[in-house]
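Below is one structure, written out as structure tokens; the observations come after it.
The values are calculated or read from the model by the stated rules, or taken from the named source; none is laboratory data. Note that this is a predicted model, so its numbers are computed, not measured. Reconstructed Cβ throughout: ideal geometry from the backbone, glycine too, with neighbour counts over all protein chains shown.
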Amino acid sequence: MSDIIRIGMLGCGTVGQGVLRILHETAGTIERATGHRIEVVKVLVRDLQADRPGVDPSVLTTDPEEILGDDSIDIIIEVMGGVDPTHDWLLRALGHGTSVVTANKQLLARHGPELLAAAEEGGSELRFEASVCAAIPVIKVLRESLLAAEIDSVMGIVNGTTNYILSEMRGNGMSYADALAQAQDLGYAEADPTEDVGGADAAAKMAILCSIAFHTRVLIDDVPYSGIDSLQSEDVDIASELGFVMKLLGVARLVDDAVSVRVHPALVPADHPLAAIGGADNAVLLESSMVRQIMLVGPGAGGTETASAVVSDVLSILGSRPGSFLGGALADAGRPMAADDALESAFYLRLEVADEPGVLARVSSVLGESGVSILTVLQRGEGDSARLVMILHRSPEAQVAEAIGRLAEMPEVTAPPVLIAVVGSGEAPR
Ligand SMILES: NC(=O)c1ccc[n+]([C@@H]2O[C@H](COP(=O)([O-])OP(=O)(O)OC[C@H]3O[C@@H](n4cnc5c(N)ncnc54)[C@H](OP(=O)(O)O)[C@@H]3O)[C@@H](O)[C@H]2O)c1
């Protein structure tokens, strides 16, 4: 690479404008540290007239060929989002030896292995720190610092919107709908929050994290997910009384060398490191027998925060040669996906039952017959009905599912059972 690094940028919205601002403000530092001067030579947009304060209009174009067809461009920054046409464009650039930095989690979670293979063939680099947890340097830590640490579990609060909503439900007793409306007012949640609250956004991020942590190919379709949109605030409250905190968690672990990964609401003990992550922050807890626990915490979204991760990827490319060992960080170890019946979990179970003598005994006996034992029971009567809340000991999930199916059919059980996984080092608060 010459002293001047020529950059083409695809997109100039919230993140793109942040990238231009950071590159401008830190140009001197970058040149002193790397010996390179960075020049953004072309920026692709749809609408040339849109308001972009501080952006030099002469670099803007609506013609992608001015970037993709320009062999003098060293690095392409993709901050336009979407899977089409970015997929074809980035494959082409990487295949021609142009390194790419992207913030696009949906693209990576669907086509990451294919793009990394194109980079390997083209002798280019693909970097995507900003695609997961914005400013938190978790991909870099996994790809570089912990490459040989044999990570065996990755647990994360990887969606800030849902963490904000759950924190407000717990801390301020808000309903789900009110907390969501407040998150939208404050700009934490999109006008259409489906991807966030339904768990799809977190699933895309977990697919990327898991691929890098376990050196294997995991795509978004491999990640079952459920969100917080059907959670009842009473379960958040009862969990809190029992010493737990409700979180939307991404949980990935190796089970007999197979990969188990999913996203779901979960209870964590109040003294668990992830329980303390409030507001819209993100956190990723990495575990390995070599390093025990490492937790990374910080802002998981925001234009400047995301842009800072994009710029840091550009600098990493300047600091490493194409074809170095980093390019092979996803070298496929060929791990299979773990079968669901291989998994064990502890659970929170809430049952609404008729307030009759012997109900608790009958419920306990159904659970016992399925080999599921009870750690804690909370029983409350309200008129003719009663509420049973239980923390179930860690058991094979298939056995718990069978027991819940039988409980749901008992005439004394008056509403569908609510079952939420309990995740953490123990099954109950220490
Ligand atoms: N915002 C965040 O906090 C955040 C956090 C993490 C990751 N990300 C990721 O970063 C990427 C960018 O997000 P953003 O918030 O900056 O989006 P944005 O504000 O909507 O900006 C998108 C930019 O791309 C341009 N664009 C979109 N489609 C195009 C097309 N087909 N041809 C040409 N230009 C096109 C738009 O042009 P116009 O300006 O002409 O409309 C705009 O400049 C996404 O992948 C997103 O998931 C964002």
Which is within 11 Å of the ligand (Cβ to nearest atom), of a type in the set (Ser, Thr, Tyr) and surrounded by 17 or more Cβ atoms within 10 Å (Cβ to Cβ), of Thr61, Thr102?
Thr102
Among strands (runs of 3 or more DSSP E) lying entirely in the stretch 257-320, which contain 2 or more residues that are within 16 Å of the ligand (Cβ to nearest atom)?
281-288, 292-299
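If you check Arg92 against the conditions, is it touching a residue at least 12 places away in the same chain (Cβ under 8 Å), surrounded by fewer than 19 Cβ atoms within 10 Å (Cβ to Cβ) and farther than 18 Å from Cys210 by Cα? Give the steps one after another, and end with the answer.
Numbers: touching a residue at least 12 places away in the same chain (Cβ under 8 Å): yes; surrounded by fewer than 19 Cβ atoms within 10 Å (Cβ to Cβ): yes; farther than 18 Å from Cys210 by Cα: yes.
Spelling it out, Arg92 is indeed touching a residue at least 12 places away in the same chain (Cβ under 8 Å), surrounded by fewer than 19 Cβ atoms within 10 Å (Cβ to Cβ) and farther than 18 Å from Cys210 by Cα.
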Restricting the stretch 330-366 to residues that are without any contact (Cβ under 8 Å) to a residue 40 or more places away in the chain and in contact with a strand residue (DSSP E or B) (Cβ under 7 Å, 6 or more places away or on another chain), which is surrounded by the most Cβ atoms within 10 Å (Cβ to Cβ)?
Leu360
Scope the stretch 374-411; condition modelled with pLDDT of 95 or more and in a loop (DSSP other than H, G, I, E, B); matching residues
Met410, Pro411
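Out of Asp70, Asp56, which single residue is more than 7 Å from the ligand (Cβ to nearest atom) and in contact (Cβ under 8 Å) with a residue 60 or more places away in the chain? Talk me through it step by step, then tell me what you get.
Values: Asp56 fails: in contact (Cβ under 8 Å) with a residue 60 or more places away in the chain.
Of the residues listed, the single one that is more than 7 Å from the ligand (Cβ to nearest atom) and in contact (Cβ under 8 Å) with a residue 60 or more places away in the chain is Asp70.
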Selection count where residues are within 12 Å of the ligand (Cβ to nearest atom), free of Cβ contacts under 8 Å to residues at least 24 places away in the same chain and of a type in the set (A, V, I, L, M, F, W, C), scope the stretch 19-50
2
Take the conditions at pLDDT 95 or above and aliphatic (A, V, I, L, M) and apply them to Leu242. Does it pass?
no
Hey, does the stretch 352-371 have a residue that's closer than 30 Å to Leu254 by Cα and of a type in the set (S, T, N, Q)?
yes
Name the residue, out of Gly122, Gly112, Gly82, Gly97, that is more than 8 Å from the ligand (Cβ to nearest atom) and surrounded by fewer than 19 Cβ atoms within 10 Å (Cβ to Cβ).
Gly97
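Report yes if some residue within the stretch 183-190 is under 30 Å from Asp256 (Cβ atoms), of a type in the set (Gly, Ala, Ser) and within 16 Å of the ligand (Cβ to nearest atom); otherwise report no. Write out each step before concluding.
Quick first cut of the stretch 183-190, residues under 30 Å from Asp256 (Cβ atoms) only: none.
Scanning the stretch 183-190, I find no residue that is under 30 Å from Asp256 (Cβ atoms), of a type in the set (Gly, Ala, Ser) and within 16 Å of the ligand (Cβ to nearest atom), so the answer is no.
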So which residues in the stretch 7-18 are of a type in the set (A, V, I, L, M, F, W, C) and either more than 15 Å from Ile73 (Cβ to Cβ) or within 8 Å of the ligand (Cβ to nearest atom) (or both), if there are any at all?
Leu10, Cys12, Val15
Qualifying positions in the stretch 5-26 - assigned to a loop (DSSP other than H, G, I, E, B) and under 28 Å from the mean Cα position of the chain (by Cα)
Gly11, Cys12, Gly13
Could you tell me how many of the residues in the stretch 38-58 are in a loop (DSSP other than H, G, I, E, B) and surrounded by fewer than 18 Cβ atoms within 10 Å (Cβ to Cβ)?
9
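Conditions tested, residue by residue: (1) under 23 Å from Thr304 (Cα atoms); (2) assigned to a loop (DSSP other than H, G, I, E, B).
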site	(1), (2)
Ile76	yes, no
Gly81	yes, yes
Asp84	no, yes
Leu108	yes, no
Ala117	no, no
Ser124	no, yes
Val141	yes, no
Gly156	yes, no
Glu168	no, no
Run down Val138, Val132, Val158, Val218 and say which single residue is surrounded by 24 or more Cβ atoms within 10 Å (Cβ to Cβ) and away from the ligand (no atom under 16 Å from the Cβ).
Val218
